[in-house]
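Below is one structure; the comments refer to it alone.
The values are calculated or read from the model by the stated rules, or taken from the named source; none is laboratory data. Model, not experiment: these values are computed from the prediction. Here the Cβ positions follow ideal geometry from the backbone for every residue, glycine too, while neighbour counts run over all protein chains shown. Heavy atoms of the whole protein, side chains included, go into the accessibility calculation; ligands, DNA and RNA do not. Shrake-Rupley method; radii C 1.70, N 1.55, O 1.52, S 1.80 Å.
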Protein chains: 2
Amino acid sequence: MPKLWTDTIEAHRHVVRETILDTTWGLVTERGLLAVTMSQIAERSGIGRATLYKYFPDVESILFARHERHVSEHLRHLAELGNQPGEAESRLRAVLAAYALICHHRGQHGTEELGALLHRHEIVDRAEQQIGGLFQGLLVEVAEAGRLRRDVSPEELASFCVHALTAAGGLPSEDAVHRLVEVTLSGLRPQS
Amino acid sequence: MPKLWTDTIEAHRHVVRETILDTTWGLVTERGLLAVTMSQIAERSGIGRATLYKYFPDVESILFARHERHVSEHLRHLAELGNQPGEAESRLRAVLAAYALICHHRGQHGTEELGALLHRHEIVDRAEQQIGGLFQGLLVEVAEAGRLRRDVSPEELASFCVHALTAAGGLPSEDAVHRLVEVTLSGLRPQS
DNA sequence: ATCGAAATAGACAGATTGTCTCGATAAGGT
DNA sequence: ACCTTATCGAGACAATCTGTCTATTTCGAT
């Protein structure tokens, strides 16, 4: 009292915050969202209850912080792939495949649906729009190369990709994931 | 006390149950899942708190009952469309379009993601499998007519459809929904 | 060495939970 | 019409959780 976990206050606060995020998610997956309390989170995180309230006001805020962390990690990774040298279509394929693998490893359902249930639609909308926006940028490049269907806007096609690839969460293998990416890509191409 | 809402006990219990389902969902959309309590539900439903516990043990159970009701309604409607006379491909199109419109009217996010957060994955998996199973049956028929791609199984393609069409929830118009259906269908066709 | 920051056990009042009782009322059956 | 069965719910109870606050201790930062 107080017992810092690292050498500096800044690092300590960072580690505590991350611990809270991970612990909360662990509890949610064990018990379900409605059965998780701030008291349990504090106890399992190894901090005092009053201390927990200094970091987050409620369970909902914790889950959103965790969601934000995830989305920014994914975006960073996908953006790197999208910025690699090469033709637009192959970069698009790489990004879609990476996103599909993220969905695959995340499992059937992930944090992206949080907003629906936690009264913060705008948070999830923003995540989908960020990922969709990244896809859209690539789709515009593919369109300029004449390799994209013209009857549907790149924006709508981006949304299609974001949703279609979530099917990867329920697939049994990475081969199946790559087949899903192929199916999705074929929906994007100019139709004869 | 007791004040029945209808002439028979059976009908009364049915109406009370439906009222609880709808009221709970209303509260969830207003306040978010974590802020809804049994006390609030009872009060807004116009029944006593002890009475509410006679119908449902907790908020989670109420939400699942509502989810089940929705899924069975959708399945009934989609199955009717799939059983209409006509070629397999046009029936598939009708079913996919109907499902997309359901997603569109449901909004960006619906009840199907409940399981992720409420510790009951198997419930949601079952819903997706039921809808996916219906799609799959039609896809098998389309395959027999030689109108389906052969490099991906009808099962995986069904899952692709279920997920891709959820993009309809974020689209601005029914025209956009129909374009989404077209994009999805083009992913299913044999590729040249 | 000094000061500001951080942690936390414990307390407090309020809210909710899950359960239960018992009296009142109404449906159901004969 | 009468009796039985079913239902409701106000109120009570004990337990749990919440959000806030205080006083004390410890530790990083300078």
Protein-protein interface of the stretch B:1-44, residues with accessible area decrease of at least 50 Å², isolated chain reference, 1.4 Å probe: B:33, B:34
Projected label distance in nm at residue A:101 and residue B:77, using a 7 Å step from Cα toward the beta-carbon: 3.9
Carbon and sulfur %, accessible surface of the protein assembly as shown computed with the full protein complex present, 1.4 Å: 50
Label distances, nm, residue B:90 versus same residue in remaining copies, Cβ-directed 7 Å point: 4.4
Inter-copy spacing of residue A:151 label points, which lie 7 Å from Cα along Cα→Cβ, given in nm from shortest upward: 2.2
Debye-sum result for the protein assembly as shown in log10 I(q)/I(0), which assumes one identical scatterer on each alpha carbon, at q = 0.08, 0.09, 0.15 Å⁻¹: -0.48, -0.60, -1.33
Among B:8-21, A:15-28, the order from most to least packed when residues are scored by Cβ within 10 Å on average: A:15-28, B:8-21
In nm, spacing of pseudo-spin labels at residue A:90 and residue B:50 (7 Å Cα→C-beta vector): 7.4
Rounded accessible area per residue of the stretch B:16-70, 1.4 Å, Å²: 43
Isotropic mean projected area of the C-alpha convex hull, the stretch A:9-57 (nm²): 3.1
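At 0.692 mPa s and 37 °C, plugging the Kirkwood radius over alpha-carbon pairs of chain A into Stokes-Einstein gives what diffusion coefficient in µm²/s?
It diffuses with D of about 177 µm²/s by this estimate.
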Anchor residue B:54: lysines whose Cα lies under 16 Å away (excluding residues fewer than 8 positions away in-chain): B:3
Inter-probe distance in nm under a simple model that places probes 7 Å from Cα toward Cβ, at residue A:58 and residue A:1: 3.0
Formal net charge of residues neighbouring residue A:80 (Cβ-Cβ distance under 13 Å; K, R +1; D, E -1): +1
Interface B:A - total buried accessible surface [probe 1.4 Å, Å², rounded to 100]: 3600
List of the stretch A:159-192 residues, accessible area with partners at least 40 Å² below that of the chain alone (1.4 Å probe): A:160, A:163, A:167, A:179, A:183, A:186
At 7 Å out from Cα toward Cβ: residue B:77 inter-copy label distances (nm, ascending): 3.7
Of A:30, A:141, A:73, the one that fluctuates the most in a GNM where chain A has Cα springs shorter than 10 Å: A:30
Helix runs (DSSP H) in chain A reaching 18 Å along axis by Cα, Kyte-Doolittle at least -0.5: A:9-31, A:59-82, A:88-106, A:121-144, A:174-188
